[in-house]
Structures are given as structure tokens and as C-alpha cells.
Amino acid sequence: MGVFKFIITFFTFLLTFNYTEADVGFQVAGANENRTDFYILENSQDLLIQNARRDDLSQLKLSISGLKIVKFDQYDLEKGTWNMKLSDGSQFDVLLTESLSAITYQIRWHGPGPRELCVHYEQNNATWYSAYQSLSPHWPMDFNRILATEAFNTLLNFTLDEKKEDYYLILEHLFINTNGFAVYLDHKQPLFLKRNSSNGDALLCFSTQIVAPYVNHTDPLERFYPDLQMHLFVANDIRQLTNFVLQHSTLIPKPSKTPDESTFRYPTFSIYNSKPTQKDVLNFANEIEKHGFPNKSEILINDYVLEKSHELDFSKSDFPGNIFFKKRKTVLNIFLFVDAKAMIETLHKKGFRVGVGVKPYLDNAPNNTAGFFLKSTVDHKLTNLIDFTNPEAQTWYEYMLRKLHFEYGVDSFQLSPLSIHKNLNFSSKEVQNYPGLYSTKYIETVSRLGNKVISEIGYRTQNEPIFVKMSYLVKDKASFSTLLQSLIPNALSLSIAGYSYFIPYQIGGFNSSVKPSTELYIRWVQAVTFMPSMHFFHAPWSYNNETVTKITKTFVDLHIKHAWTLIHLSQTRALVGWPVIRPMWYLDPNDKATYAIADQFMVGDDLLVAPVLAEGVRERSVYLPKGIWVDQHGREFIGNIRITVKVPLEELAFFTRGRL
């Protein structure tokens, strides 16, 4: 019987769900009883994968846009490798591998010309989730959303229009569904994403073509082809699938260790004055202590930037990378700090940590460092963006930051995001072809300084022991309500993308001139209490309201009390891949009632958090999955039930797992 499992059988095959006998062109059977079956439909454009590991035999349908399969060969039966020729002469290859946890289909579509492969992501009542930060997130994905074709990377020149754009500054090319399927796109390809529909069928389309922001090389020796490479993973359920992708697929970088524990434990307070004086900073520290917040907190000088680089001179030396600072004057003094070193020493003696914000560019860069800066490929003019693909430029930038650490005592660095508006001449051919990797090089450079780094951008950097920070555009007070609603969907998306070490939206927003209402501010504090870190942009005492400060301190203390749980789960993430902040379905992947829950989350498997995310709300519905759950007042509930709880302004609804 095993011999018959190894042949391509051309016959009509009755499928369980959406396809009849007439629909199937031929079946490609697997190598054993457990292997997923792979079908080509009669129109020679659609491929169907059936999940034989599930009793419901769920399916995933793919469509090859505009082309047909004209030839099919199975040339390595033992390895599960198939080769198909398409009507434009391009090649469509499939490699099937199998493990105890999952089955992997590795697809490579190669040859000249652009190509597009679409996933029918509304099929079989599957619920899908994306793995990127979004300006307008939906958890789960919204099948009705239509988006035009856009470059699928973090260097897009964002218009910050949530109606036109989906993904934002932290991104992984991963989509998973509740029927045990995951789609992963390789990062080394000129990739575009489109969300569309065909005759009412929701499509998630991936294409490759060499157009902006990807460079079309004129030199034949440098030219590369827009291969489309995709991995499809098939597992028994979505939890098993998530764990496999994060830990065993080898495609998502795995962390080797965790970030600085202090950032998990204690809050960060931003001083957002564009040019704070030494007196401003010291007074701010006094305010933190005065209002009873921990002096082990971090003070972040938000607007620090290496912007006065014309004050620095460079010459040849024995320093690695042949860069040397001839002048000892540092750019910290531009903030009117009388004595920056003494100021930081004073803060350290009080117990505070000090962080500064840095950017991937310098203003007024001296001509003799031109080799460290990127040029436009159009007009060949020098830009102020540092070429992090140049090893010497990386070493130089790292040295500037180490100088601030060792000479002045700066504890941590926060990386600002970047957006490229033109084609640039990178030193690395790999980054030239795939410019999204520029942000990866930027993060890798600063991460050399250790685990006290925060980045507002994330791409292929899940392995770095740093925090990524969620950001958002706040235009006016009305934006705060939308922002708070998007907090948990984005947090869950980052978790399944492998970014467990994240800082949620900084409390109070991103605009020094606009603040949320006192009620939304308090609900914001509560919503992030059990997330990995708390970062304040607007300090609670800025409201001149004792109630705001008192309630905020209560929840900061609660975060500190539970910090060890977050640290332990983060260490577990590094060891076995399990996310820290988890979707509700992670606890019971077969509980369909959890699939669309976007306003509560799990911390590990034993703590359920259900914050209020809107003004004027004093009670809310909470879904409790199977098991025994105990609320913050000690009341016990039996799970698999939806309950309504009272949540006055000073309370956060959360539940810990009870014991039998």
C-alpha cells in the first residue's frame, strides 16, 4: 500500500467541504497516513492543502494569479519534492518536510517576471491573525478590509493613513489561523502585500516585483530575480502551530537571553522638553520621588540626538574602524547641561537609571565622514542617514554610544524609527536588494551595547535581548480612544510575531501638547499594568489631580509586585519559545469562543487580564476559559462562561487560576 502512497493519482476526489468531484484535477498524496494531502484543482490555478492532522480535515486554498500549471512532475518521492511548470515558463517548486509537531510546505516560485500568490483566508470559517503592528489593527483579521498593493516591510514611507495602510513599524511576515495553518513569507525577496476580494472571497495576496523601493539593477551581474518564497505550516491546532513557528521552524530569530530586568520591574518616565536643562532633569527626578514612585525608575531624555556632529573631528588612528575623536567635547552639552556627568552621577546616587533617545542620522555631518553616510542612487547626493550596512560605520556609531555610557554614565538607549523616501546606495548588496534589512542592521548595531536598548522599530530582530516599543500617531484628543482600543490587538500581534519583550504604548500618548482625559489616562495605566513594561510620557502629577496620581501609583506597585512573573515568562520565552502575553485561544485552542476576543489577554497560562478601554464604562463582560478562576476580590468562578463584572474607575478586572 505504501507504493500507492508514493504515486501521483489522477482522479477526481470528493472533498469534505467546498469542492466537488468536478473541481479536483488531481491529488498529490503524502508519504504516510499522517501527512497532509496536496491537491491541484481542475482550473490548474488553485492549490489546496488539507490538514489531515485534524479530524475536520480543514483546508487552505492558494491561487496563482493570472497563470496556469501546464506541467507537473514528482521527482523525489522520498523527500516529498514536487516541481510544476507554469504557463509563463516559470517554475513552481514544493518541498514537503514533516516533524512530530508540524508539516512544512516550502514553496519557491522562480524565474523571470513578476508573480502573485493569493491565500483565500476566509475559507472553512477559519479565523486569521497577522503578526505585525498596525495603525488600525483588527484581532482577528477583518475579511472585508481592502488594501492596495504596498511594499511589505518596515521602511515604507508611511502616510500614517490607517485607511490606506495596514502594517507599521514592528513587523513579521507571518499569518496564522485557527484551523492549524500558518503562512510565512521569506524576508529576502522584493515583497508586496495586498488585501482584496474575488467574487466575495477574501484574498491575502503576496507578490514580488522589482519596483520601488526595490532597486532594479542595470548591471546584469548584480541583477536578481523576484522569486516568491513561502512556507506553509500545518499543525493540529493554533497553539501547537504558534509554538512550532516561534521555536522550531528556524525562520523567526530566537532570543538568546532577556532584556534588562530593571525595565521589566520599574517604570520609565520621559522628560519630553525638547531642550531640557540640567535643572529640569533634576527637578523631574525630585517629582518622581515626591509623589512616591520608585527611585529605581528610568528617566528617559526623549529628544537627545547626535545632531551636532560638526563639533566632532575624525582622523586615522589605531581605533577599530580607523575612527578617532580628536575633540573631547560631547553633544550632551547642547542641552544646556552645565555638567552632564555630574548630573547623571546625582541621579545614579538617588537610584535612578538614565536613558537617551538616539536616531539613525546626524545633522551637519562633516565631509570626512562621507563614507559612513548613504547616498541617493538617483542624484548621488549625500544624505544624513548613517550606512549601518558599512561595518566601519557600525563600529563608529557604536563607539559614540559607548563613549556616552562610559564617560557620562548613560544607562540605556532608545532607537527612533526611520522611513526611507528614496533609493539609497547601501554598502551591502543584500540590503540593496532587500532594503527592509537596513532597519535590522541599525538595531543590530546598537544592540552590541547589551540588553539595555529599546527600539521603536522591529524587523528580523526577535533574537536581540532588547525591548521593542509600540508607537502610534496621536493627532488630537479623539485619537486616544482609538489608540486604547488598538492596544491589546497590537500587543497580541507582536507576541505571535516573536516580540515578547515589548513596551506598550507609552502612557499619556506621544504628543507633549495633547493629553488624554483623566479617566482614559487611568484606564490606560490599568491596561498596561500586567504587560512587560510601563512607560510614562505624561507623568500622572501633570494632571494636578491627586486621584490620578494615587490610582496610578497603586497600579505601578501592582506591576512591581508581579514583575517576577513577567521576568520568569520572558526567560521561558528564550528557552522554549512560548509567548509572554498570550491570546485567549492559547489556553484552549479548540474553544471557539476565544477566537474573536480582542479586549482581554493572558499573562502566561495563569493570569487573565480584562481592562476597561473606554470612557464612561463601569462594568464589562469577561470570558473565562475552562478551569477555576479567582478575581481580584477573591471570588471564584468555574470557566467556560461569560460573566459581567463591575469595574469602577479605581479597579482593574483580573483573574488568577484557582486550584482544585
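The values are calculated or read from the model by the stated rules, or taken from the named source; none is laboratory data. Because the structure is predicted, anything quoted here is derived from the model rather than measured. Backbone-built Cβ (ideal geometry, glycine too); neighbour counts: all protein chains shown. Heavy atoms of the whole protein, side chains included, go into the accessibility calculation; ligands, DNA and RNA do not. Shrake-Rupley method; radii C 1.70, N 1.55, O 1.52, S 1.80 Å.
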- Query: Across the stretch 231-246, in residue order, what do the Karplus-derived ³J(HN,Hα) couplings come to in whole Hz, using 6.51 cos²θ - 1.76 cosθ + 1.60 with θ = phi - 60° and x for Gly and Pro?
  - Reply: 10, 10, 10, 10, 9, 5, 8, 6, 5, 4, 5, 4, 4, 5, 4, 6
- Query: Can you tell me the accessible area per residue over the stretch 581-660, all protein chains present, probe 1.4 angstrom, in square angstrom?
  - Reply: 43 Å²
- Along each of its three principal axes, how wide is the spread of alpha-carbon positions in the stretch 374-428, in whole angstrom units, largest first? 42, 22, 17
- Message: What's the whole-number percent of alpha carbon pairs in the stretch 552-615 lying beyond 20 angstrom?
- Response: 37 percent
- Item | Cβ-Cβ FRET estimate between Thr277 and Phe406, R0 fixed at 25 Å, reported to 0.05 | 0.55
- Message: Calculate the FRET efficiency for Glu650 and Gln91 from the Cβ-Cβ distance with a Förster distance of 60 Å, rounded to the nearest 0.05.
- Response: 0.40
- Query: When the chain is fully extended, how far beyond the present Cα-Cα distance does Asn590 get from Thr565, taking 0.36 nm per residue of separation?
  - Reply: 6.4 nm
- So what J values fall out for the stretch 614-621 if you push phi through Karplus, 6.51 cos²θ - 1.76 cosθ + 1.60 with θ = phi - 60°, rounded to Hz, Gly and Pro as x? 8, 6, x, 9, 10, 8, 8, 8
- Message: Whole angstrom only: what separates the Cα centroid of the stretch 176-207 from the Cα centroid of the stretch 565-609?
- Response: 25 Å
- Query: Stretched out fully, how many nm does the piece from Asp605 to Ser517 gain, at 0.36 nm a residue minus the Cα gap?
  - Reply: 28.4 nm
- Quote to one decimal, in nm, the extra length available between Thr81 and Ser65 on full extension: 0.36 nm per residue of separation minus the C-alpha distance between them. 3.5 nm
- Item | Rounded percent of accessible protein surface that carbon and sulfur make up, the stretch 520-660, 1.4 Å probe | 54 percent
- Query: Across bins of 5 angstrom width beginning at 0, how are the C-alpha pair distances of the stretch 385-512 distributed, in whole percent?
  - Reply: 2, 9, 18, 18, 18, 16, 11, 6, 2, 0
- Message: Please list, ordered by chain and number, the residues whose modelled amide H lies under 5 Å from the amide H of Glu116; skip anything fewer than 5 residues away on the same chain.
- Response: Ser65
- Dividing the alpha-carbon radius of gyration of the stretch 513-627 by 2.2 N^0.38 Å, where N counts its residues, gives 1.19
- Message: Heavy atoms only, 1.4 Å probe, whole protein assembly: order Lys381, Lys254, Lys553 by accessible area, highest first.
- Response: Lys381, Lys254, Lys553
- Note on the structure: In this structure, the FRET efficiency calculated for Ala342 and His291 from their beta-carbon separation, with R0 = 22 Å, to the nearest 0.05, is 0.35
